[in-house]
Every structure is written in C-alpha cells, then in structure tokens.
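The values are calculated or read from the model by the stated rules, or taken from the named source; none is laboratory data. A quick note: this is a predicted structure, and the numbers were derived from the prediction, not measured. All Cβ positions, glycine included, derive from the backbone under ideal geometry; neighbour counts span all protein chains shown.
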Amino acid sequence: MKNFVSIKHIRKTFGEKVAVADVSFEVVAGEVFGLLGPNGAGKTTTIRMVLDLFKPDSGSIAVLGGKLTTTRRDRIGYMPEERGLYPYMKVLDCLVYMGSLKGMARKVAKQRAIGYLERLELADQHQTKIEELSRGMTQKVQVIAAVLHQPDLLIIDEPFANLDPVNTQLVRDIILELRDQDKAIIMTSHQLALVETLCDRIALIDKGIVVLEGTVAEVRRRFATNVIHLHGTGELSEPLAGVTHIEQRTVSDWYLTVSPQVSPQAVLSTIMEQNDLIINRFAISMPTLDEIFVQVVRQ
C-alpha cells in the first residue's frame, strides 16, 4: 500500500516550549487517518510541519513520495482550524478563485463548484457573500474549497463543526468518497463518536508524543475490560457464578463484571442453564473512543 505521508521522530520547539516532542506515523492511500489529542497536544503543529509551514527541528517528513514541492502541494487539500475564506467574495466566485490557486482552469473549477454546491444543498447561495452565510453554511463552503481540486491528500481540521446531523452525513459521504478513490485523508476532530465510525486508523498525541496508535477496532479491543453486555428479554437471576457485579441499565440491558479467571463462555453457559431469559446479544463491552481518550490522557 502506497504511503502518502511518512513522519519519523519529528520534534519542534518554540523557545523553551516543546510543541512536538517525538511524533511518528504513516498515512496510506485509501484510508481516513484520525489525528487526535487534547487541546495543545501538538496536532496543529504536526499538521503545519506536514504542510511545510514549520520546519521540524529534527526527524523527517515525506509527503506524496518526498519533500513538499509546488507540484506536490497542489495535490493537497487543506481545511485549517482557522478558516480561510474571503468574507467579501460571493460563494461561487470564492470557490472558483480557490480552485484556480490549485491550478484548475476557471471553467472546470466553476462546473465542479456548482456540482458540490448542489450536493451540499447550497446552490441557492452561490451569489451570497461569505460573510452573510450561517456558520454551518460557511463550514460546507470551506469543505468544498478543500476538495474542489480532487486532492490526493486531504488534511481537514474539525470538518463537522457547526453541522447538523443531515449536513454531517453529506460531508461524511464526500470524505468516504475520496477514501474509496484511493486518496488519503488526515482528519482531526473532538467528535470521537464520528471518528469511531469514519476513521480506519488513529493516532492519539498527548504532550507532543504519540501515546496510542492503531486501527479503531484494535484500539478498542486493547482497552476492553472484563465487562459483558447482555441484551435480552426476561429476568436475570442473581447471583451468577463468576460474576462479581450486575448492573441493569434498561429493561433489556445488563452489564456483567466477570472475574478475571472466568471465561465469558462459562458465564453464558451458566445464564442459559439457570435463567428463563431470551438472549439477543452477548458480547464483551468495548469502550468508546471517548472513554479511551479520557483514560489515556489522564494517565
């Protein structure tokens, strides 16, 4: 699989402040990579080094196969944390101009911009000035500006800010469409429920260091506890051999804390033997990324 971004042991300081201490990761074609971390962890500084806005003090960065030349830069789409639209320009004019900065012919940029405006339900706003748009509309225009030239690498910071669930889905579809075209996406977001469903792999940065990396499924399995989620119909009798605690959260949902030396299969066998209960779901309770994030950062 082709590496679109390869970062090895980069470090960046500003005076006495260490913004990035030691960060390494790779992003490959055909994946959405989540770059996560608390505020001030070093995510934005890392992205700016990828874009060659900052030079690392040490370490190496390869983007789209090497150092960031003008040609390679034109293959990148970037939506920064500080939004970069021109407030006094009309929506369509602004998008065409942004496309031209990436080497697009104005006619092509206009056609493609109109298509995206229709797709994101902004066609009737094409003659509206950016400053007159709502925050959600401005967010969608910013997304279009980042993807208009069909970049091979998209770096997008908080793409779902200010969006309702319908518009979140529209933007999510665009990101997944790029992924399915073998593009690479680096995404930062504090909306970890969305990260969980959208990202193929994640890296969690804390205090300038990568403290956690892997696929979402791997990370969740790594932090799985000895808690079983049982969903069913009927009554669950207590006590159960090998179960130290039972918490019933809804009429049909129980969470069972199991002794470390007892297997989930043994607990399931006991439940089926001793209870008049129709079991619809029986699974090890996987923590959410939110729960993992809090646990790792606190540690």
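Among the residues of the stretch 43-69, what is the count of those that are assigned to a helix (DSSP H, G or I) and closer than 19 Å to residue 185 by Cβ?
Number of matching residues: 7.
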### Task
Kindly indicate whether any position in the stretch 175-185 is under 14 Å from the mean Cα position of the chain (by Cα), modelled with pLDDT under 95 and more than 24 Å from residue 42 (Cβ to Cβ).
no
### Message
Out of 93, 74, I need the residue that is at pLDDT below 95 and acidic (Asp, Glu). Which one?
### Response
74
### Summary
Residue set 256, 289; condition of a type outside the set (S, T, N, Q) and under 30 Å from residue 34 (Cα atoms); output residue 289
### Query
Assuming residue 85 fulfils every condition listed in (1) hydrophobic (A, V, I, L, M, F, W, C); (2) more than 25 Å from residue 115 (Cα to Cα); (3) assigned to a loop (DSSP other than H, G, I, E, B) apart from one, which condition is it?
(2)
### Query
Any chance the stretch 21-36 includes a residue that's in contact (Cβ under 8 Å) with a residue 40 or more places away in the chain, surrounded by fewer than 22 Cβ atoms within 10 Å (Cβ to Cβ) and touching a Gly at 6+ places or on another chain (Cβ under 6 Å)?
yes
### Query
Is it fair to say residue 13 is part of a helix (DSSP H, G or I) and in the same structural domain as residue 195 (by TED's automatic domain parsing)?
no
### Query
Quick one: which of 257, 270 is farther than 29 Å from residue 169 by Cα and touching a His at 6+ places or on another chain (Cβ under 6 Å)?
257
### Filter result (part of a strand (DSSP E or B) and among the small types (Gly, Ala, Ser)) within the stretch 16-42
19, 21, 24, 34
### Summary
Residue hits (the stretch 64-104; of a type in the set (D, E, K, R), closer than 24 Å to residue 161 by Cα and in contact with a Lys or Arg (Cβ under 7 Å, 6 or more places away or on another chain)) are 90
### Summary
Scanning the stretch 88-114 residue by residue, the ones that are of a type in the set (A, V, I, L, M) and assigned to a loop (DSSP other than H, G, I, E, B) total 3
### Query
Got a number for residues in the stretch 128-142 being outside any helix (DSSP H, G or I) and surrounded by 13 or more Cβ atoms within 10 Å (Cβ to Cβ)?
3
